[in-house]
Structure formats: C-alpha cells, structure tokens
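These notes concern the structure reproduced below.
The values are calculated or read from the model by the stated rules, or taken from the named source; none is laboratory data. Predicted model only: the values in this text are computed from it and were never measured. A quick note on method: Cβ atoms are made from the backbone with ideal geometry, for glycine too, and the neighbour counts reach across all protein chains shown.
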Amino acid sequence: MINFTTLLNETETLTDLETLESAADLFQFGLDKQYYTLLNTKQFNKTFWATKNRIITNNYCLENKGANYLTTLEIIIPCPIRIKENPKQLKSYVIDIMKNLRGKVA
C-alpha cells in the first residue's frame, strides 16, 4: 500500500478529475483495509477538495477565456457539489455571481 504522505503529495499535484477520483478510490481502499487513520481521512479530504476546486477552476478558465482565476476560484469553493459536477450549471452559476458582484464592487 502506498505511504500516506506520498499519496497526499501526489494528490496535490494532479491536474485532471479522473486521476483525482482514482486517488480517492485508492485512499478509500486503504481506509477499508485500515492502513490509514481518521486524522489521515481529514487531511486527505481537505487536500482532495482543494485539488478538485483547483482543477474545476482551471477547466472553467480554459473554457471561458478572460475569466479571472482567483475570483472564479472564490466563487467555486463554496458552490454546491451538484453544481460543480455539471459544467453548464457551473457556468451559469459563476456568471450569475459575477453579475451580482459587479454591482456591489464599484
């Protein structure tokens, strides 16, 4: 079984969602076999979601030229999971939030 620190470091550097899901499956397998602890679970979940938000934001910014990465990341982080999973809903959600922010940040 892969060392937890190695798994965590590799998870942080992933650049696509499929590989990230594979890392989550590998972690779940190790957790089922009791190779990892509850503290490891908290650390992995934090890293997993940070990486997933980064990948989703990267994909969004590549598809929508001119999107500000940091602003988009700040919008995507608290976004509901069901919206993050659907690119069309995500685009609509981000655009709606951006429109609302334009009027308030003058």
- Query: Are any residues in segment 48-86 surrounded by fewer than 16 Cβ atoms within 10 Å (Cβ to Cβ), of a type in the set (D, E, K, R) and at pLDDT 95 or above, and if so, which ones?
  - Reply: GLU74, ARG82
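Just a yes or no: is a residue in segment 27-42 closer than 30 Å to LYS99 by Cβ and modelled with pLDDT of 95 or more?
no
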- Item | Total residues in segment 30-40, condition under 28 Å from THR57 (Cα atoms) and loosely packed, with under 15 Cβ neighbours inside 10 Å | 1
- Task: Would you please name the residue that is farthest from ALA50 (Cα to Cα), looking only at residues in segment 1-19 that are aliphatic (A, V, I, L, M), touching a Phe, Trp or Tyr at 6+ places or on another chain (Cβ under 7 Å) and surrounded by 14 or more Cβ atoms within 10 Å (Cβ to Cβ)?
- Result: LEU7
